[in-house]
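Only one structure is covered here, and it is reproduced in the block below.
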Amino acid sequence: MDDKLKHWTALASHYIGEHFDHCKPLLDKDYQGMHPLVRFVSTQLYLSCHFSTESSLLLLRQGQEWDSEIINRSIIEGVVKYIFMLQGTEDEVLEKVNEYWEVLPSYSSVKRSDRVSSLLETVNSDDLHNWKSLEDLKLTESDIDSIRDGTNKQQRKLLEQKWSFSTIIQGFSKSGDKSLEPLVHLAYNFGMSSHLIHKDGDGVAMVWERCTRDSVRQNAVKLSHIARAISDLCTFAEVRSIILHQCCGEKYDFTDNLRESYSSLFSELKSAFEDFNKVEYGT
């Protein structure tokens, strides 16, 4: 199994890397085809998803599929936000970029300040000098008023909800855009992986149940699980490429050629799914 995982993840890393190479000119600081702020912010999100993908592949290479799922959840959310950010007119995109990069983080800074204030109230005054790094996060009342800029709690909550994963994919499903509607299926893995993040009974039980299977079933489901994760990561890289090129008005026919070039990888991943179904269900 180890050799197979090394082979799969190595090929996937190259596949995702080739997508990055095609996108790199559009991510470059000197690229003129996007508003500078849109290019900068969307590039940071693109890169974050790309680097997290490489981290996930390292875990999958070691057979750590459950921990990989935790990272993959953040990638799913990042990709969905990336798509959402770059959809719409130039003005709409710029507005969403500002919300994502400026407005929502400023709201978070107020909540962070409140948490810091509550924490520091429990610290002995003689030890406060050791908490300087946190104390620096506290905001003044004037800072908070400036951030809120006349908005009320309901307005701020609505903006936060606008950027939530569930709200975004629900919007995709109702958009009438046939390329976006299927993204609603991401909600299943997104929800299941949340159990792993929160270490709740469902999450711990999923891992435990896997360990109770006989070796043949364990091997089949483990390979299928890892194959599905690798396939997803490759698809997410492809989606990022397509969305970026669409936003920039550039052709992206290279994506079909890349799929064909790595057809052996995708064929092996598909075989792992089929092998699992044969072992588990006899089909």
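FYI, it's all coordinate maths here, none of it is from the lab. Predicted, not measured: the structure shown is a model, and the values here were computed from it. Positions of Cβ are generated from backbone atoms using ideal geometry, with glycine treated the same way; all protein chains shown enter the neighbour counts.
Can you tell me the dipole magnitude for the chain around its Cα centre, using point charges on the Cβ only (Lys, Arg +1; Asp, Glu -1), in Debye to the nearest 20?
In debye, rounded to 20, the chain gives about 520.
Suppose R0 equals 35 Å; then what is the FRET efficiency for TYR31 and ASP149 from their Cβ-Cβ distance, rounded to the nearest 0.05?
According to the calculation, E is roughly 0.65.
Longer than 19 Å from Cα to Cα, which of LYS4/LYS222; LYS138/LYS162; LYS162/LYS199; LYS24/LYS251 are they? Say none if no pair is.
Pairs exceeding 19 Å: LYS138/LYS162; LYS162/LYS199.
Which FRET efficiency value, to the nearest 0.05, do you get for ASP67 and GLN161 by plugging their Cβ-Cβ distance into 1/(1 + (r/R0)^6) with R0 = 25 Å?
Values: r = 30 Å, r/R0 = 1.18.
Approximately 0.25, to the nearest 0.05.
At q = 0.12, 0.13, 0.20, 0.22 Å⁻¹, what log₁₀ I(q)/I(0) does a Debye calculation on the Cα points of the stretch 57-161 give, no solvent, two decimals?
-0.68, -0.76, -1.02, -1.09
Which angle from 0 to 90°, rounded to the nearest 10, does the C-alpha axis of helix 263-281 make with the longest principal axis of the chain?
Its long axis makes an angle of about 80 degrees.
Using the alpha carbon gyration tensor of the stretch 1-69, what are the three equivalent-ellipsoid semi-axes (square root of 5 times each eigenvalue), largest first, in whole Å? Display every interim value, and only then the final one.
On the way: eigenvalues 186, 34, 5 Å².
With the √(5λ) rule applied to the stretch 1-69, the semi-axes are 30, 13, 5 Å.
Using a Förster distance of 45 angstrom, determine the FRET efficiency expected from the C-beta separation of LEU104 and THR283, and round it to 0.05.
Values: r = 46 Å, r/R0 = 1.03.
E between LEU104 and THR283, to the nearest 0.05, is 0.45.
What do you get for the angle between helix 65-85 and the principal long axis of the chain? Use alpha-carbon atoms, 0 to 90 degrees, nearest ten.
Once rounded, the angle reads 60 degrees.
If you average 1/r over every pair of different alpha-carbon atoms in the stretch 185-283 and take one over that average, what Kirkwood value in Å do you get? Working shown, then result.
Values: mean 1/r = 0.0631 Å⁻¹.
The Cα-based Kirkwood calculation yields 15.8 Å.
Return the distance in nm (one decimal) between the two label points of a simple spin-label model at VAL123 and GLU250, each offset 7 Å from Cα along Cα→Cβ.
4.6
Show me the three semi-axes of the equivalent ellipsoid for the chain, from the C-alpha gyration tensor (sqrt of 5 times each eigenvalue), largest first, rounded to whole Å.
37, 27, 18
Report the extension gain between LEU58 and ASP21 in nm, rounded to one decimal, defined as 0.36 nm multiplied by the number of residues separating them, less their alpha carbon distance.
Stretched out fully, the LEU58 to ASP21 stretch lengthens by 11.3 nm.
What list of ³J(HN,Hα) values in whole Hz, one per residue of the stretch 113-126 in order, does the Karplus curve 6.51 cos²θ - 1.76 cosθ + 1.60 (θ = phi - 60°) give from phi, with Gly and Pro shown as x?
Once θ is set to phi - 60°, the couplings for the stretch 113-126 become 4, 5, 5, 5, 4, 5, 5, 5, 5, 8, 8, 4, 4, 5 Hz.
Just need the relative contact order of the chain here, percent rounded to a whole number, with Cα pairs under 8 Å and 6+ apart.
On the way: 225 pairs, mean separation 76.0, N = 283.
27 percent.
In degrees, nearest 10, range 0 to 90: what is the angle between the Cα axis of helix 153-162 and the longest Cα principal axis of the chain?
20
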